[in-house]
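Working notes, structure below.
The values are calculated or read from the model by the stated rules, or taken from the named source; none is laboratory data. As the structure is a prediction and not an experimental result, all values here were calculated from the model. Positions of Cβ are backbone-derived with ideal geometry, glycine not excepted, and every protein chain shown enters the neighbour counts. To get the accessible areas, we keep the full protein, side chains included, count just its heavy atoms, and leave off ligands, DNA and RNA. Shrake-Rupley method; radii C 1.70, N 1.55, O 1.52, S 1.80 Å.
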Amino acid sequence: MEFVLDNGSICVALSTAGGSFTSIKANGREYLWQGDPSVWSGQAPICFPICGGLRDGRAMTMGGREVKLARHGFARKQEWKLEEQGDNMVALSLSSADHAELLEQYPYPFKIVARYTIDSEKVAVSYEVTNEGTEDMPFFVGGHPGFKCPLDEDESYDDYELRFEQREAADLCTAVPSTGLIDVEHRSKNPMIGQNLPLTHELFDFAETIFDVLESRVVTLTKKTEDKGVRLTFPDMPYLIVWSKPEGDFVAVEPWGGLSTCSDEDDILEHKRGCLVAKPGETVTRGFEIEIL
């Protein structure tokens, strides 16, 4: 089922299949990657209850429970349901009460509400995670929106860049494609020039660019010669992933609350970077905002 929010300045479409965006339009232009299964079938998946991957797809919790999760968790593969709807807001939800089989992968009763609110040329995204069990619940949550790049047919991928709010570290952790994990001890040169990351297809020949020590909380995808694109603001997300495929006309700009298991981490879920813990009955909210320029 699909829902549309339109205030005349921005129009977003959302689907219960995965609980996330299928379209973000403004100024007569589509900004969201429209998907090509031969390249990447996703568009803007929700990462929950992990971001990235676990070593061998498994981890243990401090309470002795085993978690068995594929990359980015299961939320993006599930059918969500309408939780709430207003003129400028749609909230979709996924819960273990409706999908008891998910407890075999993640043994914590939960509910997550993805709330989308439009205002002017902005859409605010919030993930409201509730612990519906009787034990502390460790989890991670993050966004994975993929944006069209280039935005218009007469442009090239190389016409665009990511502009960061702050200067970032001179070196970055290294993705390990063979395992999907992260090497934080053998670091790579940051490909940014000043506060800008020029986009080229060659940038993604090896793997994603992972900002594990991130100063910025505002990043703008824009054409180099004009302010045309999208700005992401994510004050409560500590990590950012920039990813594409060498043959893909898109770039995913991903604000995450956690990372794939890192080389200096063990396999205890709560020991992973950025782990959030919800007390029984507690709701923890994280999110980000997308602004059309």
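Side notes on the structure shown:
- Placing +1 on each Lys and Arg Cβ and -1 on each Asp and Glu Cβ, with no other charges, gives segment 18-173 a dipole about its Cα centre of roughly 540 debye.
- Note on Arg58 and Gln166: with the Förster distance fixed at 35 Å, the Cβ-Cβ geometry gives a FRET efficiency of about 0.45.
- Cα Rg, Dmax, segment 129-274, angstrom units: 16.2, 56
- Low-density loop positions, trypsin sites (Lys or Arg not before Pro), segment 215-272 - DSSP coil, at most 14 other Cβ in 10 Å: Lys224
- Probe 1.4 Å, all protein chains present, accessible-area order of Glu254, Glu2, largest first: Glu2, Glu254
- Heavy atoms of Ser120: accessible area, 1.4 Å probe, square angstrom to 10: 70
- Lacking any other cysteine beta-carbon closer than 4.7 Å, the following Cys residues of the chain have no compatible partner: Cys11, Cys149, Cys173, Cys262, Cys275.
- Estimated from the Cβ-Cβ distance and a Förster radius of 30 angstrom, the FRET efficiency linking Val277 and Ile193 is about 0.20.
- What you get for segment 1-99, charging only the Cβ of Lys and Arg (+1) and of Asp and Glu (-1), is a dipole of about 540 debye around the Cα centre.
- When Met237, Met89, Met62 are compared by accessible area at a 1.4 angstrom probe, the order from most to least is Met62, Met89, Met237.
- Under 23 Å from the Cα of Lys279 - lysines, other chains or at least 8 residues apart: Lys68, Lys111
- About the Cα centre, charge dipole magnitude for the chain (Lys/Arg +1, Asp/Glu -1 at Cβ), debye: 300
- Shape summary: segment 14-152 maps onto an equivalent ellipsoid whose semi-axes, from the alpha-carbon gyration tensor, are 29, 18, 12 Å in decreasing order.
- Segment Glu153-Glu226, length gained on full extension (0.36 nm per residue, minus Cα span): 24.7 nm
- Convex hull of Cα atoms in segment 241-289, direction-averaged projection (nm²): 5.5
- The apolar share of the surface of segment 33-161, taken as the fraction of accessible area on carbon and sulfur atoms (1.4 Å probe, ligands and nucleic acids excluded), comes to 42 percent.
- Estimated FRET transfer efficiency when R0 is 22 angstrom, pair Ala17-Arg71 (beta carbons, to 0.05): 0.75
- Each part gets one Cα centre, and for segment 208-285 versus segment 174-192 those centres are 15 Å apart.
- Spatial separation of Cα centroids for segment 120-150 and segment 37-101, in angstrom: 10
- DSSP beta bridges confined to the chain are antiparallel in about 95 percent of cases.
- Extent along the principal axes, Cα only, for the chain: 54, 49, 34 Å, with the longest axis given first.
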